Amino acid sequence: MAETTALEIIKAYIQEAEEDPTRKNRLTMNRVNWREYLGDKDWSHLAEGQNAEHLPKLMLAAEMMSALVRKAMPARGDWFDVEFEGDKIPVIEPGHIKRIMDICLQSDTLNFEILMADAVKAAYIESSMSVKVHGVRVDKLAFRAVPELKMITDPSGRPVGMRQDMSLKRDPTSFWELKIDLIPYEDDLRDPSGRDLYRIHKVRRELWEVKEKARAGIYIPSVLTEILKGFEDSEKRIADEARGKQGAQPARSTRDIVLYEVWGRLVNADGDTITLQNGRPAENILAVVANRDKIIRGPVENPRWDGLLPIISAPLLRNPFALHHKAMADHIQALNDTIDKLFSLIEDEGFSSVWGIKEIQPDLMDDPSQAANGLPPGITLTRKLGAPTDAPIVKRTDIGQVSGNTIALLNILMREFDNAAMINRIGLGAFPERQVKATEIVAANQSMDVFLDGMVKNVDSFVSQVLESSFMLVMQHFDEIDPSLIIAAVGRDAAFSLLQMSPAQRFEIFGNRVRFRVGGLAATVARAREFQKIVTLLQLISKSPPLFAMYAQTYSLKKLFDRLLRTLDIDTSALGIEGKDAAAQARALMMFAQTQGAGGAPQNGPAPMALPSASNGTGLSTPPGIEGGGGENAFTGMSMNERSM
């Protein structure tokens, strides 16, 4: 009776979540945004011959945001720090936990950098990024060399002795690995009230995947047998109906099962929490329903020791009091659509100005069939004998052209799109193409920084939650991870200390004492801003000798330049002065000093050196950490506090 009640409650949850009007509106908007991102547009209203051009501006804006996240998360964990709360833990240091998480986040089943970049891209289009933190068993092969005796034969094949040799043996084994899945918005069903009474992950699995979990004891085999019987009955009915009909579709060789994974509390219509089979209230449970009509797992208590839900979500832009937030793409997709339409019209006029609209007099042509399908360029027309020579056979009748106002409107739309999508160069930390005053740069930065900072903090907070949830799951399944990976990450002493603990002891020690501080994305944006500030300072002091003298008396020019190189992620290890380079550089500096002292350049000598700026084309218009920056990361091995200094 309890199971039937649980199924009825879960069915009501699914229906309530799917029928939520705000969710439906959000899904409709998501489809519009994705179609604009993919360039899948409806041009059915156009007349034959009109151009249908798509400019991928929304796609580029989303990819830029995604690339910013990938830039902020290198393959190893310089983008986050681990902190211990309370007393020091013997042998184990925060760096050990950091390296363990590194190997878990970069494995055969998980690439955390790509996952987070895709999550941010999805949030840009769909308003929210949602992931599911769980684990999987991965089959691997263990290789070992074993001694064996091999027979030695003479040329005739007769045995003459034995020799010892080594052969390779492959032992199948399996280990636990961390798995984090990106959840599409439509597959994440939430309690519309916002009280998180339940959370449902809808996923489609093929039959072989469900069978594997049933063999592993995760799903109930008897329920799976009932589902298979239902498949067979349905396929037989379809086959009977299609028998004798031409073009009937054969049954699929693989059968899909829609699973609803339910987490939360099961409350009946009377407002009472139902009881599980073990007598405990269903307050924090897991249940899996197949095809909306059969419970294939549970309900059971939450299998995670920390009691947390495995699904973690966060918006890129927060709306107060809203469960379904707004996406960056919601409004800029309309701008992109308008730009496409206007650009296509301008393109139509461009082609029309070349080909023109022609009026033909077929009665003047010797062969009127030449114009049956239009007149190709370069064609020669023969006038009919006796036809008047003062009347043209072909006459252009163009009546339209692209006005300057149309081009100006397109430019305005382009600028508005860049502003709305936050891809203008000042907002992302680069210098504009024209030369502007330092105060103008600062004012433009301040107007965009607040908005960008809000998104950056939302992303870093989301990543921090994902890391903490992942770490708790890793501690729960630590004994099932490949021990060779643990030893390679932290060394034998630390690995032995961790592995000799029982899972419960390990969870007790680390469960509430480890905190993750994520600042990779914020550090990347801060590095770009520091680059702006340093170059702005260099421009100011280079134009004012009193300011330059005041700076030189108080601060170090070398340290300022070193800091500039660090913001550009330039590896300075190969830039040191050696041998002949030192003498040549000394002569160049002396000539530069003499030039500055003389107030100009010598007639046949080099021109005075200019400080880097966007206007002199020195290449500093590329924002560090966003569009480029070469060499090794200058912040490798530094803590977040050191990087922010």
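Net charge near PRO147, counting Lys/Arg +1 and Asp/Glu -1 over other residues with Cβ under 12 Å of its Cβ?
+2
Where does each of TRP176, TRP208, TRP34 land when they are ordered by accessible area, with a 1.4 Å probe and the largest first?
TRP208, TRP34, TRP176
Just the accessible area for VAL474, please: 1.4 Å probe, Å², rounded to the nearest 10?
Using a 1.4 Å probe on the heavy atoms, I get roughly 0 Å².
Run the simple label-point estimate for ALA322 and LYS24 please: 7 Å along Cα→C-beta, distance reported in nm.
Using points 7 Å along Cα→Cβ, the separation is 1.9 nm.
Rank HIS134, HIS325 by accessible area, highest first, at a 1.4 Å probe radius?
HIS134, HIS325
Provide the per-residue ³J(HN,Hα) series for region 556-562, in order, calculated from phi with Karplus coefficients 6.51, -1.76, 1.60 and θ = phi - 60°, each as a whole number of Hz, with x at glycine and proline positions.
For region 556-562, the Karplus-derived couplings read 8, 5, 5, 5, 5, 5, 4 Hz, x marking Gly and Pro.
Determine the per residue accessible area of region 450-509 with all protein chains present and a 1.4 angstrom probe, expressed in square angstrom.
Counting only protein heavy atoms, the per-residue value for region 450-509 is 43 Å².
Would you mind counting up the charge near MET162? Only other residues with Cβ under 12 Å from its Cβ, with Lys and Arg at +1 and Asp and Glu at -1.
Spelling it out: positives minus negatives among the neighbours equals 0.
Give the long-range amide H neighbours of GLY135: residues separated by 5 or more places, or on another chain, with amide H under 5 Å away, using H modelled in the peptide plane at 1.01 Å from N.
HN-HN under 5 Å from GLY135: LYS179.
Using only protein heavy atoms and a 1.4 Å probe, report how much of PHE462 is accessible, in Å² to the nearest 10.
The accessible area comes out at roughly 0 Å².
Of all accessible surface on region 1-58 at a 1.4 Å probe, what whole percent is carbon and sulfur?
Ligands and nucleic acids excluded, carbon and sulfur reach 52 percent.
Amide H neighbours of MET328 under 5 Å, at least 5 residues apart or on other chains, H built in the peptide plane: list them.
Distant-sequence amide H within range of MET328: SER127.
Relative to the present Cα-Cα distance, how much length would full extension add between VAL223 and ASP367 at 0.36 nm per residue of separation?
Using 0.36 nm per residue and subtracting the Cα-Cα distance, I get 43.9 nm.
Over region 1-100, give the accessible area per residue in Å² for a 1.4 Å probe, as an integer.
In whole numbers, region 1-100 has 55 Å² accessible per residue.
FRET efficiency for ASN268 and GLU53, Cβ-Cβ distance as r, R0 = 56 Å, nearest 0.05?
Working from the Cβ atoms, E equals 0.45.
Which of the lysines could a cross-linker span from LYS543 if the Cα-Cα distance has to be under 26 Å and same-chain partners fewer than 8 positions apart are dropped?
Candidates past the 8-residue exclusion: LYS437, LYS533, LYS558, LYS559.
So, in Å, what gap is there between the alpha-carbon centers of region 133-201 and region 31-72?
Using only Cα atoms to place each centre, the spacing works out to 41 Å.
What FRET efficiency do you get for LYS558 and LEU60 if R0 is 41 Å and r is their Cβ-Cβ distance, rounded to the nearest 0.05?
With R0 = 41 Å, the Cβ-Cβ based efficiency is 0.60.
Residues with beta-carbon under 10 Å from that of VAL32, excluding VAL32: net charge, scoring Lys, Arg +1 and Asp, Glu -1?
-1
Which entries of LYS11/LYS213; LYS24/LYS202; LYS179/LYS213; LYS24/LYS132 have Cα-Cα distances beyond 19 Å here?
Pairs exceeding 19 Å: LYS11/LYS213; LYS24/LYS132.
Would you list, by chain and number, the lysines whose Cα falls below 20 Å from the Cα of LYS150, excluding same-chain residues fewer than 8 positions away?
LYS169
Under a crude label model (7 Å from the Cα following the beta-carbon direction), how far is SER403 from TRP208 in nanometres?
6.4
Calculate, in nm to one decimal, what ASP40 and THR389 gain on full extension: separation in residues at 0.36 nm each, minus their alpha carbon distance.
120.4 nm
If I ignore ligands, DNA and RNA and count only protein heavy atoms, how much of TYR260 is accessible to a 1.4 Å probe, in Å² to the nearest 10?
Taking all protein chains as shown, TYR260 has close to 10 Å².
Per residue of region 365-371, in order, report the coupling 6.51 cos²θ - 1.76 cosθ + 1.60 (Karplus, θ = phi - 60°) as ³J(HN,Hα) in whole Hz, putting x for Gly and Pro.
8, 6, 10, x, 5, 4, 9
Rounded, prolate or oblate: which fits region 10-130, taking a ≥ b ≥ c as square roots of the Cα gyration tensor eigenvalues, rounded meaning a/c under 1.5, else prolate when a/b beats b/c?
The shape class here is oblate.
Which order do you get for GLU19, GLU63, GLU126 if you rank them by accessible area with a 1.4 Å probe, largest at the top?
In descending accessible area the options line up as GLU19, GLU63, GLU126.
So if each residue of separation counts as 0.36 nm, and I subtract the Cα-Cα distance between MET166 and ALA142, what length gain in nm does that give?
7.0 nm
Just to check I understand the Karplus step: with θ = phi - 60° and J = 6.51 cos²θ - 1.76 cosθ + 1.60, what whole-Hz values come out for region 144-152, glycine and proline as x?
Result, rounded to whole Hz: 8, 9, 10, x, 8, 8, 10, 7, 9.
What Kirkwood hydrodynamic radius, in Å, does region 119-170 give when the mean of 1/r is taken over all pairs of distinct Cα atoms and then inverted?
16.8
The values are calculated or read from the model by the stated rules, or taken from the named source; none is laboratory data. In this text the structure is predicted, and so the values were computed from the model without any measurement. Virtual Cβ from ideal backbone geometry, glycine too; neighbours counted across all protein chains shown. Heads up: the accessible areas ignore ligands, DNA and RNA and are worked out on the full protein's heavy atoms, side chains in. Shrake-Rupley method; radii C 1.70, N 1.55, O 1.52, S 1.80 Å.
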